[in-house]
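The values are calculated or read from the model by the stated rules, or taken from the named source; none is laboratory data. Predicted model, so just to flag it, every value in this text is computed and none were measured. Cβ coordinates were reconstructed from backbone atoms using ideal geometry, including for glycine residues, and neighbour counts include every protein chain displayed. Note: areas computed on protein heavy atoms with side chains; ligands, DNA, RNA excluded. Shrake-Rupley method; radii C 1.70, N 1.55, O 1.52, S 1.80 Å.
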Amino acid sequence: MRAAGSARVPLDEAVVGSPIIRFRRDVLCCGWNYWDHFYESEGKREGQDVPRPHGPTFFTKSPETVIGPFDDIAFDERVSKKWDYEAEIAIVFGKAGRSIPADCAWDHVFGLTLANDVSQRDLQRRHGGQWLKGKSIDRTMPLGPVIVTPDELDVPNLRIELTLNGQTMQSALVGQMAFPIEELIAELTFGMTVHPGDVLLTGTPSGIGNAREPQVFLKESDEVVVRASGIGELRNRLVKADLAGRSSVAL
């Protein structure tokens with residue numbers, strides 16, 4: 001939708017930012033939502049293995065992570081030695097709700113977009129296996145490039161893929177999720193209100209770098225592409241940044 005009287009700009013001449021830049025809360029996330037991903041990491045969690053969960057595993061990450069679909073991912077080896085990629089479908093809520101039944105879940109979804117949940121595996125392990133710190137480093141999560149309404153997509157057959165320097169590392173259908181999007185929404189909102197503009201990452205499929213033999217971690221100048229038919233792609237390069245230096249931000 002275009003605002004009345006606004007100018008048209010050719011897409012190849014525009015600077016495309018994240019489709020959402022103001023967040024009411026942390027970015028909402030679900031982990032281990034493809035069973036092949038859960039099992040590929042067994043024995044590789046450095047003593048922090050858990051039994052297969054019976055329900056969705058939720059966590060949050062800082063909105064300061066969010067960057068545009070073609071922005072550089074900030075990279076600083078002083079912060080972490082184990083930078084990993086995670087291609088994900090993200091949903092954007094368009095209607096507030098609490099304790100939303102699964103059969104009404106899509107009534108509360110504005111649309112779907114893409115995310116790369118770049119993670120720092122050594123920080124995850126250092127802080128007891130919880131995921132907030134290891135997934136909340138500034139300027140590391142591309143989001144976008146557009147938000148597509150569900151009626152325009154065949155959601156279960158939507159394929160999400162990730163390539164690293166041109167090599168395919170992840171590929172899966174949304175229909176392979178351990179807990180479908182409707183169930184994620186019902187479980188997440190049980191007793192908890194979501195608001196328009198809230199973003200929920202729905203999990204990554206197998207193929208992460210930490211689970212490979214040998215392991216594959218991101219490095220400076222790597223290019224990571226996340227794509228899904230009908231939504232487009234994220235295309236980002238890791239660029240050296242000062243994340244370990246002290247920063248004071250005026251409120």
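Things to note:
- Filtering the stretch 219-246 to residues that are farther than 16 Å from ILE67 by Cβ and assigned to a strand (DSSP E or B) leaves ARG227, ALA228.
- Matching residues in the stretch 132-145 - criterion: being open to solvent by 10 Å² or more (accessible area, probe 1.4 Å) and over 15 Å from SER247 (Cβ atoms): LEU132, LYS133, PRO145
- If you filter the stretch 85-95 down to residues that are within 17 Å of the chain's Cα centre (by Cα) and over 15 Å from ILE208 (Cα atoms), you find that the one that is surrounded by the fewest Cβ atoms within 10 Å (Cβ to Cβ) is VAL92.
- Condition check for ALA74: in contact (Cβ under 8 Å) with a residue 24 or more places away in the chain, in a strand (DSSP E or B) and farther than 24 Å from ILE185 by Cβ: yes
Here's the yes/no breakdown for (1) at pLDDT 90 or above; (2) open to solvent by less than 30 Å² (accessible area, probe 1.4 Å); (3) not in a loop (DSSP other than H, G, I, E, B):
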residue: ARG2; (1), (2), (3): no, no, no
residue: ARG22; (1), (2), (3): no, no, no
residue: LEU28; (1), (2), (3): yes, yes, yes
residue: ARG78; (1), (2), (3): yes, no, no
residue: LYS81; (1), (2), (3): yes, no, no
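- Summed over the stretch 102-119, residues that are outside any strand (DSSP E or B) and surrounded by 18 or more Cβ atoms within 10 Å (Cβ to Cβ) total 4.
- Residue within the stretch 206-218 that is loosely packed, with under 15 Cβ neighbours inside 10 Å, in a loop (DSSP other than H, G, I, E, B) and not charged (D, E, K, R) present: yes
- Residues being within 16 Å of the chain's Cα centre (by Cα), over 25 Å from VAL16 (Cβ atoms) and open to solvent by 30 Å² or more (accessible area, probe 1.4 Å) - total across the stretch 146-179: 1
- Flag: GLU182 does not match the condition of being open to solvent by 50 Å² or more (accessible area, probe 1.4 Å), over 25 Å from ARG24 (Cβ atoms) and charged (D, E, K, R).
- In the set ARG98, ARG52, only one residue is open to solvent by 40 Å² or more (accessible area, probe 1.4 Å) and at pLDDT below 95; that residue is ARG52.
- Just so you know, in the stretch 85-101 the residues that are touching an Asp or Glu at 6+ places or on another chain (Cβ under 6 Å) and in a strand (DSSP E or B) include one that is nearest to THR65 (Cα to Cα), and it is GLU88.
- The stretch 84-93: number of residues that are out of contact with any helix residue (DSSP H, G or I) (no Cβ under 7 Å at 6 or more places or on another chain) and not aliphatic (A, V, I, L, M): 2
- Selection count where residues are open to solvent by 90 Å² or more (accessible area, probe 1.4 Å) and outside any helix (DSSP H, G or I), scope the stretch 30-49: 2
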